[in-house]
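The structure appears below as structure tokens.
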């Protein structure tokens, strides 16, 4: 069985007991270094095989195929099906062989921290791909996972130049001790002196143009 486990946005306290138990009972743990280090801090995983995920996901698939008769856990930051590794796993393995366990996504966490509801929300990501601004601006409420190439400042500049009137809610390093929360207009954000690291941005349209 291949278990794709959402472990939450940051620290181990976001992991559910179900996830904890499935990791504990597994034969193989697959994940990024940060996620595996977090598990190491919570339980004894001696005797289990460890596979560190790299950019070569096809190599990971081959490793899973070679060990398909074992109980395999894949650790996914946030929720595996919200711009996570879950999409890749679903494309490459039979649904009957999968156990998908949701986690708190960074987007969910951001809405909670800002006290906003998620009703009628459009979710997107610019992580590793080009952003369709024209389609994005059709929506009044948007949540976006950003990256270092196109982050909150770049988005704010585009919104300001296009005279689009949104309020920006930015969550950086969500769930960590150095978490940063910013609520400001694109006009202010475009000049802000903050180094963002895979931030989540929520856009809420305001009436009228800037």
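The values are calculated or read from the model by the stated rules, or taken from the named source; none is laboratory data. Since the model is a prediction, treat every value here as computed from it, not as a measurement. Here Cβ is always computed from backbone atoms with ideal geometry, including for glycine, and neighbour counts include all displayed protein chains.
Points to keep in mind about this one:
- Listed by position, the helices (runs of 4 or more DSSP H) contained in region 64-181 that have at least 3 residues being under 21 Å from the mean Cα position of the chain (by Cα) and over 23 Å from residue 196 (Cα atoms) are 86-92.
Rundown of residues vs (1) modelled with pLDDT of 95 or more; (2) outside any helix (DSSP H, G or I), yes/no style:
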position: 5; (1), (2): yes, yes
position: 13; (1), (2): no, no
position: 38; (1), (2): no, no
position: 46; (1), (2): no, yes
position: 54; (1), (2): no, yes
position: 59; (1), (2): yes, no
position: 62; (1), (2): yes, no
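- For region 13-56, the set of residues classified as closer than 19 Å to residue 81 by Cα, touching a helix residue (DSSP H, G or I) at 6+ places or on another chain (Cβ under 8 Å) and surrounded by fewer than 15 Cβ atoms within 10 Å (Cβ to Cβ) consists of 54 only.
Rundown of residues vs (1) closer than 26 Å to residue 85 by Cα; (2) surrounded by 13 or more Cβ atoms within 10 Å (Cβ to Cβ), yes/no style:
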position: 123; (1), (2): yes, yes
position: 141; (1), (2): yes, yes
position: 148; (1), (2): yes, no
position: 152; (1), (2): yes, yes
position: 167; (1), (2): no, yes
position: 176; (1), (2): yes, no
position: 182; (1), (2): no, yes
position: 202; (1), (2): yes, yes
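- Residues (farther than 20 Å from residue 112 by Cβ and out of contact with any helix residue (DSSP H, G or I) (no Cβ under 6 Å at 6 or more places or on another chain)) located in region 141-157: 147, 148, 149, 150, 151, 153, 154, 155, 157
- Residues (surrounded by 16 or more Cβ atoms within 10 Å (Cβ to Cβ), under 19 Å from residue 26 (Cα atoms) and in contact with a strand residue (DSSP E or B) (Cβ under 6 Å, 6 or more places away or on another chain)) located in region 69-92: 72, 73, 74, 75, 76, 80, 85, 86, 89
- Only listed residue being closer than 19 Å to residue 7 by Cα and in contact with a strand residue (DSSP E or B) (Cβ under 7 Å, 6 or more places away or on another chain), chosen from 173, 205: 173
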